[in-house]
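Any read-out appearing in this document is the output of simple, stated calculations on the displayed coordinates, not a laboratory observation. These numbers come from a predicted model, not from an experiment. So basically every Cβ, Gly included, is an ideal-geometry build from the backbone, and we count neighbours across all protein chains shown.
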Amino acid sequence: MTVEELANQMHLTLNAVRNQLSKLQESNLVVRSGTRPGVSKPSAVYSITLEGHDLLTCAHRIPANNRARLIGRRADLIHEGDW
């Protein structure tokens, strides 16, 4: 997905999405996977990595009370952001 698509879908600003994507890339949870033609210039396309997919898949199998702790720990590693 592009920054614009993510921002529209999540009702966030473009800068908030860029900030979070940067942090997720640093943690190897998403990667820039290509470009798409844009109005004035190509838009970067981002995809979830295998590690990111595994983390999300794993989170669904964890009991709800432990899931919040796991997500909180990951958020600490990514730095609390603008989501």
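Some notes on this structure:
- Here the simple spin-label model places points 7 Å from the Cα toward Cβ, and for C58 and N8 these points are separated by 3.4 nm.
- The H on the amide N of V45, modeled in the peptide plane, is under 5 Å from the matching H of S33, G34, T35, R36, each at least 5 residues off or on a different chain.
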